[in-house]
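Comments concern the structure below.
Read-outs: derived from the displayed coordinates by stated rules, not from any lab. This is a predicted model, so every value here is computed, not measured. Here the Cβ positions follow ideal geometry from the backbone for every residue, glycine too, while neighbour counts run over all protein chains shown.
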Amino acid sequence: MKAAKFTSEAEADGKGGYGYDGTKSKQDEAYSWKNTGWTQTDKHPVVNVSWNDAEAFAKWASETAKKPIRLLSEAEYEYANRAGSSTRYFTGDGIESLEGYGNVSDSSAKAKFANFTAAPFDDVPGSQMAQLQN
């Protein structure tokens, strides 16, 4: 973003992105991909970036690398995420099949935000997903 001299939509629109102020998630001009209200490292996925922002980055990266770089189409993305499966999730049809694999709205989120729809388990540091990220 810095090298491309690019301003994200969350920064440019005056509304800001979404972040966490310690008690609730909310949209505010203080939030962008640079500030989410929670700890972010290079191991975390980027947040508060729109499709247009990602498309502009891909265009810049393609020009910089002098080779084609593009976002996946929705069909390509779905195919890649399916991992050859035909079930709702690559782990099975039920949300409980994601336990140990998916970083989803879980019972901890449900405890903080009663109106959230959540999986019937809690993501834990020793999960398969945490091991894959390390």
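Descriptive notes on the structure:
- Built amide H within the under 5 Å cut-off of Gly17, gap 5+: Asp28, Tyr31, Ser32
- D by Stokes-Einstein for region 70-119, Kirkwood Rh over Cα pairs, 10 °C, 1.306 mPa s: 127 µm²/s.
- Neighbourhood net charge (14 Å Cβ-Cβ; Lys/Arg +1, Asp/Glu -1) for Glu29: -2
- FRET efficiency for Arg82 and Ala114, using Cβ-Cβ distance with R0 set to 25 Å, rounded to 0.05: 0.15
- For region 13-87, trypsin sites (Lys or Arg not before Pro) meeting the loop criterion (DSSP other than H, G, I, E, B) and having at most 16 other Cβ atoms within 10 Å: Lys15, Lys24, Lys34, Lys43, Lys66, Arg70.
- For the chain, the fraction of C-alpha pairs farther apart than 26 angstrom is 40 percent.
- The Cα atoms of region 37-97 define a convex hull whose projected area, averaged across directions, is 6.5 nm².
- Distance between the 7 Å Cα→Cβ label points at Asn35 and Ala4: 2.2 nm.
- Sum of -39500 (n - 2.57) over DSSP H runs of 4+, divided by residues of the chain (222 nm, nearest 500): -8000 deg cm²/dmol
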